[in-house]
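This report concerns only the one structure given below.
The values are calculated or read from the model by the stated rules, or taken from the named source; none is laboratory data. No experiment lies behind these values; they were computed from the predicted model shown. Glycine gets a Cβ as well: all are built from the backbone with ideal geometry, and neighbour counts include every protein chain shown. Side chains included, ligands, DNA and RNA excluded: accessible areas come from the protein's heavy atoms. Shrake-Rupley method; radii C 1.70, N 1.55, O 1.52, S 1.80 Å.
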Amino acid sequence: MFRAPVWRAVTALAVIAISLILALVSAPRLGLDLRGGTQLVFETRDSPTVKADSAATDRALDVLRQRADALGVVDPTLIRSGERRIIVELPGVLDPRQAAEVIGRTAQLAFHPVLGNEGDVRDENGGKLRLGPAAITGDGIADAVQQSDPQRGPGWWVSIDFRDAGAWQRMSGAAACEPVGDPKRRIAIVLDDEVISSPPLDPSIPCRTGIAGGSADITGSFTHDEARDLAVLIKGGALPVPLTIVEQRTVGPTLGAAAIDASAKAAVAGLVLTAAFIVAVYRMSGLLSTLALACYGLISYAALVAMGATFTLPGLAGFVLAIGMAIDANVLVFERAREEYDQGRGRRGLKAALDRGFRNAWSAIADSNVTTLIAAGLLFWLASGPVKGFGVTLAVGVLASLVSAMLITRVLAHAVIGRVGPRLSGLGSPGAVRTWLTRRNPQLMKARRLWLAVAGTLVAAAVAGLLARGLNFGVEFTGGRLVEFATAKPLSADVAGQAVSRAGFPSAVVQASGDGVTVRAGRLGLDDVARIEQELERQAGEVTKRSEEFVGPSLGEELRRNALVALGVAVSMQLAYLAIRFRWTFGAAAVLALLVDVTVVAGMFAWLGKPVDGIFLAAMLTIVGYSVNDKVVVFDRVRELWSPRSPFVTAVNSAILQTMPRTVNTGLGALFILLALMAFGGDSLRDFALALVTGIVTGTLSSAFVAGPLAVWLARFDRKPPPGPPVKRRRVSGAVV
């Protein structure tokens, strides 16, 4: 009895100390949506000679990495995703046209002899040329660098070093044999089937001797940026296969800083509100759980930075949301401890009641956290972009909350609870909600047909919204480009729409709010965005691009399919887990109630016209985890109360009433966090919080008024007998003779 708490305390101190060290020595890695920059997702395509397999994609990745390094981007990130996709993150690069042009060009470089002026190829000045076969290709280039020299005059050029000096000398020597002024004395330098320079050889170069030394200069009145970009392309080499941009996101640094500031405010406000609520309800125990909650934040942060996880805007939202969910385990334990103390009339003592509370709550805590981990795992494997960060953060938060509640809270409670009285501890009274329910003892299951009828009405209204208005899918699921501009003075939606129409896009979806204008269209190129920006500047003065997002049609279809698969797999896995952990009737009742929750949220977004994107998918999968979490707690208590001597409907009614205090307190804790996100977050986080608030409210109500009645109705088809009473082991003491 003495050693276990000591080892628990040592382990808790070790976890906190390690987390503190990691948090101090490791710097967080911010995603582009928080620090600003451009993310490009390329997809390799088959060429006539090379198949776009994983090996070709890896070679293309090496070429892109050399180009990104040569651009001078600080800390670029390039990774292969799947067999044919490459994700490129360029912090600080806010011009996607420049990034896409330099990073993703095929860059097939070749040196051609000129055979005359009668060809169909245009030179850099618009004249016609007829070219011979390529004598030197991009593979023969050893190095390329931009240079300038005031003594040679203004302008920049690109100096090239060849791997095979003899090949260049033979080519230049053959051209030098032609008369001065003859077009055959020129050498055409071709990049991606376009002549970028075709200079004639200097008259001083002798015939057959050519240019020795293995170097040459490409001239063409380049600016510094043009010369640098050309040198990057030449030095990086040719891509083995063509690349197509299927996704692109650009976020300005001011928007990222505002997102960090908003998330920090939401975290502080949510933590303060949750702490005040939990202390008011559970007094000293609540104060101890608040300290454990602060440790939870430290453990989660340390785990994420140690893993090298990238903090994204949805990830920050997940971190803030997990604060509210972390309180759930503490509430479960404290409510069970209150029950144990009340049932024993105080004879067992506070410490004994607390021990039994931790022990009896473990089953519900474990089951509910497994369901949330299932949702987080699906987000990581099937989601795209920053939403993956939400899945990682949510999973780490769930595991950290277990350590916080079952280890740190337990150590603190054991150290303090025995030294204070029952009233100050917060465990000596059943609480106002439990007292009211015990006194009234409402028979909720007698009106189960009414509750199911109300749920059916809500589902019908939601389905009507889905059929009548449909879901407003964002570019992430439909494909297209979404650009958000900040304007110096506010514009109405009509004026902004007229400006976009003058730029050539009358069918674009234009929204205006305050000092922001959002434009969404299916076929909107980078040059088109620049034209729209110019038209808006004529109406609103200075215009700054806050963010930009592009998703190709093929990727949008894939993401939409993955979203449906994720929801389907989530529901199926929840059903399978509950059927194995409990019985099939419980699992079916929980999943049917879960479908009610999901349908109501989707219908509300349809009626309100809110955008449905990856953030919405994260909210829906979180609702799946939370809703099933709530129903697991109820059915875990049903399993505990149900016996052959007690009718099933009575066990369900009693389980709902006994778990109601936990449900109310946990829901309020999460709602405080979400209300803070709605108050301080941006538009995307506000919609995310709105979906979760609706899902938590409907999920809490459906546990009692949908899952309970459905379980009673399905019980008639269950042939499995009720669980028998738990067998208590008898301790035998004495000597063996």
Handout entry: Over the range 366-520, relative contact order from alpha-carbon pairs under 8 Å, at least 6 apart, %
Key = 12
Exercise for the section: Would you mind listing how long the range 131-195 runs along its three principal axes, going by Cα atoms, in whole Å with the largest first? Expected result: 32, 30, 25
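Relative contact order (percent) for the range 499-646, with alpha-carbon contacts under 8 angstrom and 6 or more residues of separation? Could you put the intermediate results ahead of the total?
Working: 78 pairs, mean separation 22.6, N = 148.
Answer for the range 499-646 is 15 percent.
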Practice task
Quick one: which residues, 5 or more positions from Gly31 or on another chain, have an amide H under 5 Å from its amide H? H modelled 1.01 Å from N in the peptide plane, none for Pro or chain starts.
Solution key: Phe311, Thr312
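Where nothing but the Cβ of Lys and Arg (+1) and of Asp and Glu (-1) is charged, how large is the charge dipole of the chain around its Cα centre, in debye to the nearest 20? Mind showing how you got there, number by number?
Details: 75 positive and 62 negative charges, 1199 e Å.
Dipole about the Cα centre, nearest 20: 5760 debye.
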Problem - Estimated FRET transfer efficiency (Arg716, Glu557; beta-carbon r; R0 30 Å; 0.05) - result: 0.10
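More than 38 Å apart: what percent of Cα pairs in the chain qualify?
Values: 137835 of 271216 pairs.
So the portion of pairs separated by more than 38 Å is 51 percent.
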Completion exercise
Partner lysines whose C-alpha sits under 21 Å from that of Lys545, ignoring same-chain residues fewer than 8 away, are Lys489
Fill in the blank from the handout: So Ser26 and Arg80, fully extended at 0.36 nm per residue minus their Cα-Cα distance, gain in nm 16.9 nm
Fill in the blank from the handout: To the nearest 0.05, the calculated FRET efficiency linking Thr544 and Ala579 through their beta-carbon distance, R0 being 51 Å, is 0.40
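So what is the 222 nm mean residue ellipticity for the chain from helices alone, if each DSSP H run of at least 4 adds -39500 (n - 2.57) and you divide by all residues, rounding to the nearest 500 deg cm²/dmol? Show your work: numbers first, answer last.
Numbers: 23 runs with 425 residues, N = 737.
My calculation for the chain gives -19500 deg cm²/dmol from helical runs alone.
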Fill in the blank from the handout: One quarter of the C-alpha convex hull surface, i.e. the mean projected area of the range 567-621 in nm², amounts to 3.7
Completion exercise
Shape descriptors of the range 91-241 over alpha-carbon atoms, Rg and Dmax in angstrom, are 15.6, 52
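So if R0 is 35 Å, what FRET efficiency would Ala174 and Ser47 give, r being the distance between their Cβ atoms, rounded to the nearest 0.05?
Numbers: r = 31 Å, r/R0 = 0.87.
For Ala174 and Ser47, the calculated efficiency is 0.70.
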Completion exercise
Measuring from the longest principal axis of the C-alpha atoms of the chain, the long axis of helix 553-581 (C-alpha) lies at a number of degrees, nearest 10, equal to 20
Exercise for the section: Relative to the longest principal axis of the C-alpha atoms of the chain, give the angle of the C-alpha long axis of helix 648-680, reported between 0 and 90° and rounded to the nearest 10°. Expected result: 40
Handout entry: Residues of the range 198-215 with amide N under 18 Å of a point placed 7 Å along Cα→Cβ from Ser159
Key = 211-215
Practice task
Kindly provide the pair-distance distribution of the range 351-455 built from C-alpha pairs, with 10 Å bins from 0 and whole-percent values in order of increasing distance.
Solution key: 12, 24, 26, 26, 12, 0
Completion exercise
Residues meeting the amide H criterion for Asp46 (H placed from the backbone, H to H distance under 5 Å, 5 or more places apart or on another chain) are Ala52
Practice task
For the range 500-616, with all protein chains present and a 1.4 Å probe, just round the carbon and sulfur fraction of the accessible area to a whole percent.
Solution key: 56
Exercise for the section: Report the label-to-label distance for Gln511 and Thr457 in nanometres (one decimal), using points 7 Å from each Cα along the Cα→Cβ vector. Expected result: 3.1
Fill in the blank from the handout: Once both label points are put 7 Å beyond Cα along the C-beta direction, the Leu373-Arg531 separation in nm becomes 5.4
Handout entry: Vicinal HN-Hα couplings computed from phi for the range 152-158 (Karplus, 6.51 cos²θ - 1.76 cosθ + 1.60; Hz; Gly/Pro x)
Key = 8, x, x, x, 10, 9, 10
Practice task
Let me know the Rg and Dmax you get for the range 604-667 when you use only its Cα atoms, in Å.
Solution key: 16.7, 52
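Could you do me a favour and compute the accessible area per residue for the range 15-156, 1.4 Å probe, result in Å²? Could the numbers behind the result be given before it?
Working: 7240 Å² over 142 residues.
Result: 51 Å² per residue.
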Practice task
Add +1 for every Lys or Arg and -1 for every Asp or Glu among the other residues with Cβ under 10 Å from the Cβ of Val529, and state the total.
Solution key: 0
Handout entry: Gain on full stretching of the segment that runs from Thr137 to Ala276 - 0.36 nm per residue minus C-alpha separation
Key = 43.0 nm
Practice task
Describe numerically, in nm with one decimal, the distance between label points set 7 Å from Cα along Cα→Cβ at Val10 and at Ala432.
Solution key: 4.5
Exercise for the section: Calculate, in nm to one decimal, what Leu675 and Ser572 gain on full extension: separation in residues at 0.36 nm each, minus their alpha carbon distance. Expected result: 34.0 nm
Exercise for the section: Give the Cα extents of the range 523-652 along the principal axes, in whole Å, largest first. Expected result: 80, 29, 21
Practice task
For helix 387-403, report the angle its Cα long axis makes with the longest principal axis of the Cα atoms of the chain; keep it between 0 and 90° and round to the nearest 10°.
Solution key: 30
Fill in the blank from the handout: Under 5 Å from the placed amide H of Glu124, counting only residues 5+ away or on other chains, we find Ser198
Fill in the blank from the handout: Using alpha-carbon coordinates alone, the radius of gyration and Dmax of the range 505-596 in Å work out to 22.4, 66
Problem - Mean separation of Cα contacts under 8 Å, 6 or more apart, over the residue count of the chain: relative contact order % - result: 14
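What order do Thr518, Thr438 take when sorted by accessible area (1.4 Å probe), most exposed first? Don't skip to the answer; put the middle values down first.
Values: Thr518 35, Thr438 105 Å².
So, going from the largest accessible area down, we get Thr438, Thr518.
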